[in-house]
Amino acid sequence: MRGAIGVAFAALMVAGCATTGTGSKDDGTRVRIAEDPFPSTYQRYSGAPTLITGVTILDGEGGRIDNGQVYFADGKIQAVGQTVAAPAGAQVIDGTGKYVTPGVIDIHSHLGDYPSPGVAAHDDGNEATAPARPEVWAEHSVWPQDSGFSRALANGGITALQILPGSANLFGGRSVVLKNVPARTVQGMKMPGAPYGLKMACGENPKRVYGEKGGPATRMGNIAVTRQTWINARAYKRKWDEYEKNGGDPPDQDLAMDTLKGVLEGKILVQNHCYRADEMAQMIDLSKEAGYKISAFHHAVESYKIADLLRANGICAAMWADWYGFKMEAYDAIPENIAFVDRAGACAIVHSDDPNGIQRLNQEAAKAMAAGRRAGIPISEEHAWTWLGMNPAKALGIFDRVGSLKSGKDADVVLWNGNPFSTYTRPERVWIDGALMYDANNPKLRPVSDFELGQPGEGDVK
């Protein structure tokens, strides 16, 4: 009975988002749904042409150059190699004994939605009022003055990150990809052209949250509500497809269904919170029934059990190195999870889901690499960096722009003061779109939000 109530309640809430008259006419006769009503206003900061020499390069795609050089200017990587040409007047940095990597990308963060200080007034990540709330957008909760952004930059070399709604709901809402730069508004951080994501969840969290709120209260209830919501979404899409083809009266616009329609059209990427192997397999089947593709499973502590399924379906797994056991669905994890998924030929990603963990994803990758090596898997440093570079960029649909040190890509670059797989190594300098955003040797280049000014610990990055 609870399952039926949950399905009906979710359908009611989704249908309750319907509006009229919110579309726009593109030619005076045909109504169009605005796909990006809150466009990015991001403008890159100015930067100087820069050449880093004598440095060990991990290019983010699995390549390595020892004693190499990287040159970037005008916001883009210009050249990477053993020796590269740079014009006279370029700033030259001696990278002897140091490493250069592409900026670290965290595919799973709640910075801004659950900002510091962590008080109830800042709990803006879960719209836990119904199990299906795809109409909410994480960006509308992001507080740009969250001091976690600057800590992630200075301590972790984070240059881009996906801000997701929480996992209380089966459909948590849209995610947004940000460049990790100071800005007055979230739109000033929003990465131009990056696809939106849809946060979905399965397992314990939704049934725990809604078990006493009318359901769903079981895993079978979770699946039933999810299936029915997609059935509603396909019906909504058919109405708009028919209108686009034949005209007539436009359908009523529904914000929740707009998001799901975007997923069905391949414009919005599904980011699915899921721990257990059996549930991930069920979600793969469900996605095929509904007609969408899962971009990545998040947390995914049992991915090692279905690595072949992930590879066959082109789905990434965003995982922790060794965070597990804090609830039943997180119990059956192994330290070799990331390495085993990678060895199977699937797409492995290291993620944080934590305001402290985001400051040391390089160390998380190091632990995962070490666990794989102890299991007899020969993982090189340059390959392990794909877990922080190429793979998260692919899962976010932004690999054409970031995720590796290739000519023409955004100059999101980290110079580490040693081997980034060492616990003793920190970012020395961080550039975003070629602009120097952090310099450990220059206290004036340590971003401090307006909220922090005058507060204890202002600008502290220890």
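The values are calculated or read from the model by the stated rules, or taken from the named source; none is laboratory data. Values in this document were obtained by computation on a predicted structure and should not be read as measured data. For neighbour counting, all protein chains shown are included, and Cβ atoms are generated from backbone atoms with ideal geometry for every residue, glycine included. Ligands, DNA and RNA are excluded from the accessible area calculation, which covers all protein heavy atoms including side chains. Shrake-Rupley method; radii C 1.70, N 1.55, O 1.52, S 1.80 Å.
Worth a mention:
- The amide H of residue 411, built 1.01 Å from its N in the peptide plane, has 76, 77, 433, 434 as neighbours under 5 Å, considering only residues 5 or more places off or on other chains.
- Segment 323-402: chymotrypsin sites (Phe, Trp or Tyr not before Pro) in DSSP loop, at most 12 other beta carbons within 10 Å: 326
- Volume per residue for segment 245-325 equals 115 cubic angstrom (convex hull of Cα atoms).
- Of all accessible heavy-atom area on segment 216-323, the percent that carbon and sulfur account for (1.4 Å): 50 percent
- Estimated D of segment 33-189 in µm² per second, where Rh is the Kirkwood radius over Cα pairs and Stokes-Einstein applies at 20 °C, 1.002 mPa s: 120 µm²/s
- Between 248, 260, 286, the Cα set farthest toward the positive side of the dipole of segment 187-306 (charges on each charged residue's Cβ, about the Cα centre) is that of 286.
- Prolate/oblate/rounded call for segment 383-462, Cα gyration tensor, a/c under 1.5 rounded: prolate
- Legend: P(r) of segment 291-400 from all alpha carbon pair distances, 10 Å bins from 0, whole percents, reading 16, 51, 30, 3, 0.
- Of all aspartates and glutamates in the structure, the ones whose alpha carbon falls short of 12 Å from that of residue 261, not counting any fewer than 8 places away in one chain, are 35, 135, 241.
- The ellipsoid equivalent to the alpha-carbon distribution of segment 211-260 has semi-axes of 30, 10, 6 angstrom, derived from the gyration tensor eigenvalues as √(5λ) and listed largest first.
- Heavy atoms of residue 208 accessible to a 1.4 Å probe, total area in Å² rounded to 10: 150 Å²
- Surface share of carbon and sulfur [accessible, 1.4 angstrom probe, percent] for segment 20-144: 48 percent
- Accessible-area composition of segment 411-462, carbon plus sulfur, in percent [1.4 Å probe]: 50 percent
- Maximal additional length on extending the residue 41-residue 444 stretch stands at 142.6 nm, based on 0.36 nm per residue less the C-alpha distance.
- Helix-derived mean residue ellipticity, 222 nm - over the chain, DSSP H n ≥ 4, -39500 (n - 2.57), to 500: -8000 deg cm²/dmol
- Using the Cβ of residue 434 as centre and a radius below 15 Å, the other residues enclosed give a net charge of +2, where K and R count +1 and D and E count -1.
- Solvent-accessible area per residue for the chain (1.4 angstrom probe, square angstrom): 40 Å²
- Bridgeable lysines around residue 207 (alpha carbons under 18 Å apart, same-chain partners fewer than 8 residues away excluded): 199, 327.
- Around residue 163: net Lys/Arg minus Asp/Glu count, Cβ-Cβ under 14 Å: -3
- Mean Cβ count within 10 Å, highest first, over the residues of peptides 148-154, 115-121: 148-154, 115-121
- Relative contact order for the chain, counting Cα pairs under 8 Å that sit 6 or more residues apart, in percent: 21 percent
- Candidates 189, 434, 341 compared by Cα position along the dipole of the chain: farthest toward the positive end lies 341, with charges placed on Cβ.
- Convex hull volume per residue for segment 319-462, taking Cα atoms only, in Å³: 155 Å³
- Reduced Cα scattering model of the chain, Debye log10 I(q)/I(0), q = 0.12, 0.13 Å⁻¹: -1.02, -1.17
- Near residue 271, once Lys and Arg are set to +1 and Asp and Glu to -1 for all other residues with Cβ below 12 Å from its Cβ, the sum equals +2.
- Dipole magnitude for segment 97-212: about 380 debye, using +1 per Lys or Arg Cβ and -1 per Asp or Glu Cβ, origin at the Cα centre.
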